[in-house]
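Some notes on the structure that comes next.
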Amino acid sequence: MGYPYSHDLEVNTLLSRHFGDEKARTLEGWKELGGYATLPRALEMEPGAITEVVKESGLRGRGGAGFPTGVKWSFMPQEPTGPHYLCCNADESEPGAFKDREILRWVPHLLIEGCLIAARAIRAEHVYIYVRGEFFPFSRIVTDAVVEAYEAGYVGENILGSGWNCDVTVHIGAGAYIAGEETGLMSSLMGGRAEPWIKPPFPAQAGVFGRPTTVNNVETLAAVPMIVAEGADWYRQWGTEKSPGTKLWCCSGHLVRPGTYELPMGIALKDVIYDVCGGAPNGKKIKAVIPGGSSTAMLTADELDCEGTYEGMAEAGSALGTASPIVMDEDTNIVRAMRRIAQFYAHESCGQCVQCREGTSWTAQLLHRIERGEGSLSDIDTLYHLCEQMTGRTICPLADSVVFPLRSSLDKFRDEYEALIRC
Amino acid sequence: MKNPIHPAAASSQAFQIAEIRPIERLFEDDEGRDRLEKALSRYPEKRAALLPMLGYAQERNGWVSDESMEQIAGALDLTPAYVRSVATFYTMYNKHPVGRHFIQVCTCISCHLHEADEVFERFLAETGTRAGEVSEDGKYTVIEAECLGACGFATAVQVNDRYFENVTPDQIPAILDELD
Amino acid sequence: MSDATNYVTLTIDAVEVKVEAGTTVLQAAEHAGIVVPHYCYHPGIPSRPAQCRMCLVEIEGQPKLQPSCVFPAQDGMVVYTTSETAETARKSVIEFLLLNHPLDCPICDAAGQCMLQDYAFETGQLRSRYAEAKLVLGRDRVADDILYFGDRCIVCTRCVRFMEELAGDNALVVAQRGHKAYIDTFPGKDLDNAFRGNIVDVCPVGALVHEDFVFKARAWDMDSSPGICPGCSTGCNIDINVKENQIVRTKPRLNPDVNSYWMCDHGRRHLVMANRGVRAEAPLIRVDGELEPASWNEALTWIAGRLEAGDGAAVVSGGAANESLFYMRGLLSELGIDGGTFRVLQGEEITLPGFPKLKLRADRAPNVTGAELHGFKRSDELADVPDGGVLIVLGDALADAPADYGANAGFFLCVGSHLYPAMVNATAILPMTSVLEMEGTFVNYEGRVQRFHQALRAPGVARPAWMSLSRLLEHRGVGEGVLDARAAFQTMAAGTTGMDNLSWSGLGLRGELLSEAGQPAVAVE
C-alpha cells in the first residue's frame, strides 16, 4: 500500500507493502511478516556474489543520481587491508522528497537487513545510518529497531552464528541539506562541517575516516533484500532495460492525493500525477511540475507525457532525481515559487565555492526583488548569466541544483517574470 | 540518570525536547560520562562524537552555550573554536536559549504551496512573538524552517521532536493548546 | 628524487611544458611562466580545498572547467587558461566576490597588494550588476595585534588552514555557513600562537591586518629590501618594508631551506623595535678627558696612532655581520689579542609544527655561528678587562653592561650603533650602522651563509663596521680599507675556514651552506 493513499497502479513489493502497518516496526512483527529471511542466505554467499546479483538487477541509486548500485559496490577494494564502512544516507532533505522517511518509520528492519547485506557485499564492518536531525520521530524508530536487532543477534558480533561481525550505528545530523551529498555526509559523520570535498579521493578509496566507504540511499538499501532473495530477473520484471525495478514516488504540492507510492519504473509522469495522485484539487489546471525534487528542471503541463525513468526524464529535459514531483496549479505564482526554492539553496549552501556561496544568495535576492515588482528586464539577463556561472563550476552540485528549476522557469514562464517587472 | 541507552543509540537521541534537565558540567555525572563513552565507542576517531555531544548538550540544556562547547572540546581533544565552527554550521543547534516549545514551520516549496506562510504568521500572532524570539512566558519560539521532509503532508510543523502534518492556519490555536 | 622520476609533457596555452608526474596543472603552468589566478591555493599550505574556483581552466576532453590547483598534469594534456570559458568563469568569480565587498580600497592596508584588486583590475568590470543591499559584517579582533575586516574577506580559508596545518593550533575557524560564513576565534580565546602573524601574510585581500600597521602606509609608499631576520639564529628570510626610513612592516620571504613562506611574531616585533634607541652618529674621540666628535679620517688616524699591541680583551655581538667580525678578528690579531667573547640572549624555543625546520630558536641572535667561525667564544659574562689594557667592543654588546665597564682599560675602542651607559668610558667610539642599514652576511644555526641588503639609511655618518675596521687596519699599515660589501665578503671568504667555497653572487637570495670544515659543531635538525 502507498502512504497515506494507495492506487491500483502501485506495485507493492517488500519496499512499501507494510507502510502504515505498525506491526512491521517491531522485530517480532517484522519476522512474522517474513523479515530477516534473506540475511541468512546472504551470509552464506560470497560478498562478490551478492554484488553480482545487485549488478544484474540493474538497481540504480535512489538518492537522485541513479548510479548503478552493484557497480558502485564493485569499486570497493576486494582484499580489505583494514576497515570498510557503509553509510546509509538517510539525510533526506531535497525539497519534495519524503520517501525515505516512510521506509525509516514503517519498515526499519527492512532497512537494517538491506544495510547488513550490503555491508556483507562490500566487506564493511560498520554501518552508519545517517538520519537528518529533523527526523527525530523516525530516527527513534530506526534506533529502537537497531537495538532490537542487536539483542536478537542480527547485528553485532558473530551474526546468526556466521562468524561475521558488523555493527550498526544510527547517527543523526543537525540541519544541513548538504550533509545529503555523499562527501558532505562523510565530513559530517566525522564530526566536521558538512562540507563536500573534491574527488579524488573517491569514497571507495578513502571515504569516512580515510577508509574505503560506500554511501547508499535508504531506498536503495531497502531494495536489496528482495533483490537478493528473489533474484535479478524477478526485479527486472518491472521497469526498463536501463531503469529496472520499482521506485518510490513521493508527490507533493497541489494534488488531490499527495503521498508516497511504489510504482514500476517507466510509468508515465502524467499517470503519476493525474491518475495516481488525482491531479490538482478543486478542478484546477496544472501549470508546472518539478518532477524529481526541487533541484530538477520544471516541466509545463504539456510536457508531462514522459517516461518515468532516469533516461526518460532526461529526454524530457529534466531528471528523475528522487522521483518527487512538486505540482503547481494554475494559480501558482512561478516567480514566488522559484524565489522560495532559491531561498532554500541560499540557506543550505555550505559556503566553500564562491559561485554557490554568493550565487545562490544573489539569485534569491534578485528573485525577491522581481517578486516585489522592483525588478528590471536586465535582471532576467542577469539570472541567465547566474545560471551559466553556477553550472558545473563547483565542488558539489548544489549550485547546479538551483539552476535547473531556475533556468527552466525562465525559459518556460518568462512571461510571468516580465509581467511582474512591468507591473 | 535516564535508563542506560544502547551504544548504537548514543548518536541518535532526540536533542530538541521540551523536558530539558539543565546541567552545568556535561561530563561530570554518570549520565554524561556514559553518553560520551558510548558515543566514542562507535567511531575510530574521537572527533566523530562531536555532533552526538553537541546534541547531548542541547538535549540537557535546551541550547548549546559557549561553556558547553568548551566542555565538549575538552572531552574530545578539540579546540573550542573548532567546536564552535561545527556548531554554527548546523542550524539545529540553538546558540541561544529558545522557548520550551520550539516551533519550526516549514515554508519550503511544497509547504509554501499550501499556506505555509500563513501558518507561520499565525503561529507568530498566536504566540505573540517575532520570528526567533522567546515569548515572554518562555513557552514559545517560532521560526521558519527549510524543508522538513514531509512535503506530501504540507504544511509540516515541527514542535521540538514531534511532527504536526497537514497543518492549516485555523488549527493553530488547538495545536498550541495541546502543547500546554 | 631518484632517476626513476616520471615526467609528463603537456601543453598549456600553446606552451609545451615538461614536469614531474604528480605536478598539478597550476604548478605546471608556473613552470611555463603562466600564472593561473587563485585564492585558496597557497603553495606553503598543504591542503588544497579547491574552493575559491578562481583557478578553473579548460582542459581538452574534460566536460567541465577543472580546478588547476588540484588537477594533475598528464601526458599529452592540452590546457587553456585563457580560453573564453575560463576567462568568463574567472570574471564571474570576481563579480561574485565583489558583491558584498565594501570597495574600501582607499583605506585598505592591502590596496596595491591585493589579489582581489589585481584580478578585478584585470577583468575590468566597470559596474556591478548587484542592486541589493550589501551584507555588513564589520570588524573584529582575532588576536591582540590582528584585526579582521569581515566585509573584505573572501573566505578562502588560507588563514584557518595556516593555523591548523602549519601552526597546529585550530583556534581560527570558519563560523556559520554559506554567504553568512566568516572567520572567527572562540569568544575570549584570541590567537596567541607565536606564528599567528603569518595569517596576515597569507590573506590574499585586506581582511586580516596587523593592528600596528593599520593606516600606516600605502603599499606603493614603501620600499622593500630583502633581509635576514636578526631575531634568532634561524635567519628567516624577510622583506623589510620601510616608509620614511622607518620599518613599518616585515614579511617573510620564501626560502624553502630556511623558513619556507613563514616567520615568527618575535621576529616581526623585534624588527619594528629596531627603529628605537639612541644612536651613535659621529666618531667620538677622547680629547682632554671629553668625548669630542671628529671626522672619520681624524678619528681613524687618532685611534690608529694610539692603539698598542699588548694585553687586551674583546667583546663582540652575535648580531654583528660576518664581515665586521672578520675585520674585528684582523684588528685583534694585529694587536696580538687572542680570543674574544660574545653573549647571546636566550629565550624559549618555539617550533612551527607544519614546517619544523622553522623555529624561534633559543639563541636570540642571527650570527652566533658566524661569531664562532671567526674565533669568538660564547660566554655568559662580559669579558674581564685587564687593568690598563686594550678593550675593543664590536656591536651592541653593552646594552646591559654596568656603567663602569671598561673604565679600567688603557684604551677602550667601541664600534657600535647605539649609545649605552658604559660607553662613556670609551676612549673612542666609531658609529656603526645597524645590520638593517648595511649589507653583509650572517651564518645561521645550520651553517647557512645568507646575505642581507640595506633597508634603512644610516644616521649621521655611521658606517658598517667592516668598513671602519678595515680602514683602521689600513691606517695601521695592514691591508687596504674596503668600501663595498662584496669586497669585504670576498676578502673574508678567502681567509676564513669553511667559506672558501662561497662567492658573493653565489649566495643569491637563498644563501649557501658553509663547507664541511666550517660547519657548526651542533647537530643540524
Completion exercise
The correct count of residues that are in a strand (DSSP E or B) and either hydrophobic (A, V, I, L, M, F, W, C) or more than 26 Å from the chain's Cα centre (by Cα) (or both) in the range C:142-160 is 5
Completion exercise
For residue C:109, the lone unmet condition from (1) under 35 Å from the mean Cα position of the chain (by Cα); (2) within 25 Å of residue C:21 (Cα to Cα); (3) open to solvent by less than 30 Å² (accessible area, probe 1.4 Å) is (2)
Problem - residue A:163, sole failed condition from (1) more than 23 Å from residue A:320 (Cβ to Cβ); (2) more than 12 Å from chain B (Cβ to nearest Cβ); (3) in contact (Cβ under 8 Å) with a residue 60 or more places away in the chain - result: (3)
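Scanning for something open to solvent by 10 Å² or more (accessible area, probe 1.4 Å) and either of a type in the set (S, T, N, Q) or not assigned by TED's automatic domain parsing to the domain that holds residue C:452 (or both), does the range C:323-337 turn up at least one residue?
yes
Condition check ((1) aromatic (Phe, Trp, Tyr); (2) more than 20 Å from the chain's Cα centre (by Cα); (3) modelled with pLDDT of 95 or more; (4) part of a loop (DSSP other than H, G, I, E, B)) across all residues:
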site: A:170; (1), (2), (3), (4): no, no, yes, no
site: A:175; (1), (2), (3), (4): no, no, yes, yes
site: A:178; (1), (2), (3), (4): no, no, yes, no
site: A:183; (1), (2), (3), (4): no, no, yes, no
site: A:187; (1), (2), (3), (4): no, no, yes, no
site: A:192; (1), (2), (3), (4): no, yes, yes, yes
site: A:200; (1), (2), (3), (4): no, yes, no, yes
Handout entry: Spans of strands (runs of 3 or more DSSP E) in the range C:188-260 with at least 1 residues closer than 22 Å to residue C:361 by Cβ
Key = C:223-228, C:237-243, C:246-252
Exercise for the section: Kindly indicate the residue of the range A:69-93 that is part of a loop (DSSP other than H, G, I, E, B) and open to solvent by 20 Å² or more (accessible area, probe 1.4 Å) and also nearest to residue A:167 (Cα to Cα) among those meeting that condition. Expected result: A:83
Fill in the blank from the handout: Apart from one, (1) hydroxyl-bearing (Ser, Thr, Tyr); (2) crowded, with 23+ Cβ neighbours inside 10 Å; (3) over 22 Å from residue A:398 (Cβ atoms) all hold for residue C:39; the odd one out is (3)
Handout entry: Hits in the range B:26-60 - residues which are in a helix (DSSP H, G or I) and either of a type in the set (Lys, Arg) or open to solvent by 20 Å² or more (accessible area, probe 1.4 Å) (or both)
Key = B:30, B:33, B:34, B:35, B:36, B:37, B:38, B:40, B:46, B:47, B:60
Fill in the blank from the handout: Checked the range A:317-352 for anything in a helix (DSSP H, G or I) and charged (D, E, K, R); matches are A:336, A:339, A:340, A:348
Exercise for the section: Of all residues in the range A:181-198, count the ones that are more than 8 Å from chain B (Cβ to nearest Cβ) and open to solvent by less than 30 Å² (accessible area, probe 1.4 Å). Expected result: 6
Practice task
Identify, from the list C:319, C:267, C:310, the residue that is assigned by TED's automatic domain parsing to the domain that holds residue C:417 and within 20 Å of residue C:362 (Cα to Cα).
Solution key: C:319
Practice task
Output the residues belonging to the range C:375-398 that are crowded, with 24+ Cβ neighbours inside 10 Å, at pLDDT 95 or above and under 18 Å from residue C:443 (Cβ atoms).
Solution key: C:376, C:394
Handout entry: the range C:306-330, residues that are among the basic types (Lys, Arg) and either in contact with a strand residue (DSSP E or B) (Cβ under 8 Å, 6 or more places away or on another chain) or on the phi > 0 side of the Ramachandran plot (or both)
Key = C:306
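Quick test for you: out of C:487, C:465, pick the one residue that is in contact with a Phe, Trp or Tyr (Cβ under 8 Å, 6 or more places away or on another chain), small (Gly, Ala, Ser) and either within 21 Å of residue C:394 (Cβ to Cβ) or not assigned by TED's automatic domain parsing to the domain that holds residue C:332 (or both).
C:465
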Fill in the blank from the handout: When (1) open to solvent by less than 20 Å² (accessible area, probe 1.4 Å); (2) within 13 Å of chain B (Cβ to nearest Cβ); (3) more than 21 Å from residue C:268 (Cα to Cα); (4) of a type outside the set (Gly, Ala, Ser) are applied to residue C:187, the one that fails is (1)
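So that you can scan it fast, the table gives a plain yes or no per residue for (1) touching a His at 6+ places or on another chain (Cβ under 9 Å); (2) under 30 Å from residue A:331 (Cβ atoms):
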position: A:182; (1), (2): no, no
position: A:189; (1), (2): yes, no
position: A:194; (1), (2): no, no
position: A:203; (1), (2): no, no
position: A:233; (1), (2): no, no
position: A:267; (1), (2): no, yes
position: A:275; (1), (2): yes, yes
position: A:281; (1), (2): yes, yes
Practice task
Return yes when residue A:66 is at pLDDT 95 or above, out of contact with any Cys (no Cβ under 7 Å at 6 or more places or on another chain) and assigned to a loop (DSSP other than H, G, I, E, B) and no when it is not.
Solution key: yes
Exercise for the section: Among the candidates C:137, C:99, C:103, single out the residue that is farther than 22 Å from residue C:220 by Cα, free of Cβ contacts under 8 Å to residues at least 40 places away in the same chain and either open to solvent by less than 40 Å² (accessible area, probe 1.4 Å) or more than 10 Å from chain A (Cβ to nearest Cβ) (or both). Expected result: C:99
Problem - Out of A:358, A:388, A:418, sole residue that is more than 24 Å from the chain's Cα centre (by Cα), touching a residue at least 24 places away in the same chain (Cβ under 8 Å), over 22 Å from residue B:148 (Cβ atoms) and part of a helix (DSSP H, G or I) - result: A:418
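I want to confirm something. Restricting to the range A:138-162 and keeping residues that are open to solvent by less than 30 Å² (accessible area, probe 1.4 Å) and over 16 Å from residue B:6 (Cβ atoms), which single residue is nearest to the chain's Cα centre (by Cα)?
By that ranking, first place goes to A:138.
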Problem - Some residue of the range A:370-384 being part of a helix (DSSP H, G or I), under 19 Å from the mean Cα position of the chain (by Cα), modelled with pLDDT of 95 or more and under 26 Å from residue C:56 (Cβ atoms) - result: no
Completion exercise
The correct count of residues that are within 22 Å of the chain's Cα centre (by Cα) and part of a helix (DSSP H, G or I) in the range A:203-220 is 6
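Okay, residues lined up against (1) outside any helix (DSSP H, G or I); (2) at pLDDT 95 or above; (3) in the same structural domain as residue C:205 (by TED's automatic domain parsing):
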{"site": "C:121", "(1), (2), (3)": "no, no, yes"}
{"site": "C:127", "(1), (2), (3)": "yes, no, yes"}
{"site": "C:131", "(1), (2), (3)": "yes, no, yes"}
{"site": "C:134", "(1), (2), (3)": "yes, no, yes"}
{"site": "C:140", "(1), (2), (3)": "yes, no, yes"}
{"site": "C:162", "(1), (2), (3)": "no, yes, yes"}
{"site": "C:170", "(1), (2), (3)": "yes, yes, yes"}
{"site": "C:174", "(1), (2), (3)": "yes, yes, yes"}
{"site": "C:183", "(1), (2), (3)": "yes, yes, yes"}
Completion exercise
Considering the range B:62-81, residues that are open to solvent by 30 Å² or more (accessible area, probe 1.4 Å) and part of a helix (DSSP H, G or I), and then whichever is nearest to the other protein chains (Cβ to nearest Cβ), we arrive at B:66
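The values are calculated or read from the model by the stated rules, or taken from the named source; none is laboratory data. Since this is a predicted model, take the numbers as computed values, not measurements. With ideal geometry, Cβ positions are generated from the backbone for all residues, glycine too; neighbour counts draw on all protein chains shown. When the accessible area is computed, the model is the full protein with side chains, heavy atoms only, and any ligands, DNA or RNA have been set aside. Shrake-Rupley method; radii C 1.70, N 1.55, O 1.52, S 1.80 Å.
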